[in-house]
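These notes are about the structure you will find just below.
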Amino acid sequence: MNPKDEISIAGLQRIVDQWITEIGHGYFSPLTNMAVLAEETGEVARQMSRLYGDQTFKEGEKPDLADELADVVWVVAAIANQTGVDLTEAIRQNIIKKTRRDLHRHEHRKASSENSENSENSEPRN
Ligand SMILES: [Mg+2]
C-alpha cells in the first residue's frame with residue numbers, strides 16, 4: 001500500500017484484518033476488543049480535555065488527537081471484522097436512518113445562527 005493512497009472503509013477492514021492476522025498473530029476476543037475500544041475512546045477524551053477543555057498536558061507530553069482517533073477507528077474495524085459487520089453497508093444504512101430521523105430536527109439551529117449573524121451585522125461599529 002502506498003502511504004498516500006486513499007483508504008476506503010472496506011479497504012480499512014481488509015488492512016486491519018491482514019495486519020492482525022499477519023503481524024498481530026490473530027484477533028483478541030470480541031470482549032477484549034470492546035475493552036480496548038473503551039480504552040482508546042478514553043485516550044481521545046484525554047486529548048480533547050487537554051486541547052479544548054481545561055486540562056493541560058504533562059511536561060514533555062505532545063498532543064496527538066489524530067493518532068488516538070485512528071486507534072479508535074482501527075479497533076472499530078477489528079470488531080466489525082470479527083463480528084461479520086460490513087462497515088460500508090452499515091454506514092450507508094446509518095446515514096439513511098439519521099437523515100430520515102433528523103431531516104428537520106436541527107432546522108432551528110440554522111435559523112438561530114442566521115439570527116445571530118444578522119444581529120452581529122446590524123450592531124453598530126465602534
Ligand atoms: Mg491510543
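Using alpha carbons only, how many degrees (0 to 90, rounded to 10) separate the axis of helix 9-22 from the longest principal axis of the chain?
The helix 9-22 is inclined about 40 degrees to the chain.
When the Karplus curve 6.51 cos²θ - 1.76 cosθ + 1.60 is applied with θ = phi - 60°, which whole-Hz ³J(HN,Hα) does each residue of the stretch 52-64 get, with x for Gly and Pro?
Each residue's phi maps through the Karplus curve to give 10, x, 9, 6, 10, 6, 5, 4, x, 7, 10, x, 7 Hz.
Quick one: Karplus J couplings for the stretch 100-105, per residue in order, coefficients 6.51, -1.76, 1.60, θ = phi - 60°, nearest Hz, x for Gly and Pro?
Once θ is set to phi - 60°, the couplings for the stretch 100-105 become 4, 6, 10, 3, 10, 4 Hz.
Largest first and to the nearest Å, give the Cα extent of the chain along each principal axis.
Principal extents (largest minus smallest coordinate, Cα): 66, 46, 32 Å.
Between residue 43 and residue 100, what length in nm is gained on full extension when 0.36 nm per residue of separation is reduced by their alpha carbon distance?
17.3 nm
If you keep only loop residues by DSSP, which trypsin sites (Lys or Arg not before Pro) in the stretch 1-83 have at most 12 other Cβ atoms within 10 Å of their Cβ?
Loop-located and lightly packed - 4, 58.
Can you give the translational diffusion coefficient of the stretch 1-72 in µm²/s, computed by Stokes-Einstein from the Kirkwood radius over Cα pairs at 4 °C and 1.567 mPa s?
The diffusion coefficient I find is 90 µm²/s.
Compute the acute angle (0 to 90°) between the alpha-carbon long axis of helix 107-122 and the principal axis of greatest extent of the alpha-carbon atoms of the chain; round to the nearest 10°.
Between helix and principal axis, roughly 50 degrees.
Can you compute 3J(HN,Hα) from phi for each residue in the stretch 78-88, using the Karplus curve 6.51 cos²θ - 1.76 cosθ + 1.60 with θ = phi - 60°, rounded to whole Hz and x for Gly and Pro?
4, 5, 4, 4, 7, 10, x, 8, 8, 5, 4
If you build a Gaussian network model of the chain, linking Cα atoms that sit under 10 Å apart, which residue out of 113, 49, 29 swings the most?
Result: 113 has the largest fluctuation of those listed.
Values quoted throughout were computed directly from the atomic coordinates according to the rules given, and no laboratory measurement underlies them. Quick caveat, the model's predicted, so the values are computed rather than measured. Positions of Cβ are backbone-derived with ideal geometry, glycine not excepted, and every protein chain shown enters the neighbour counts.
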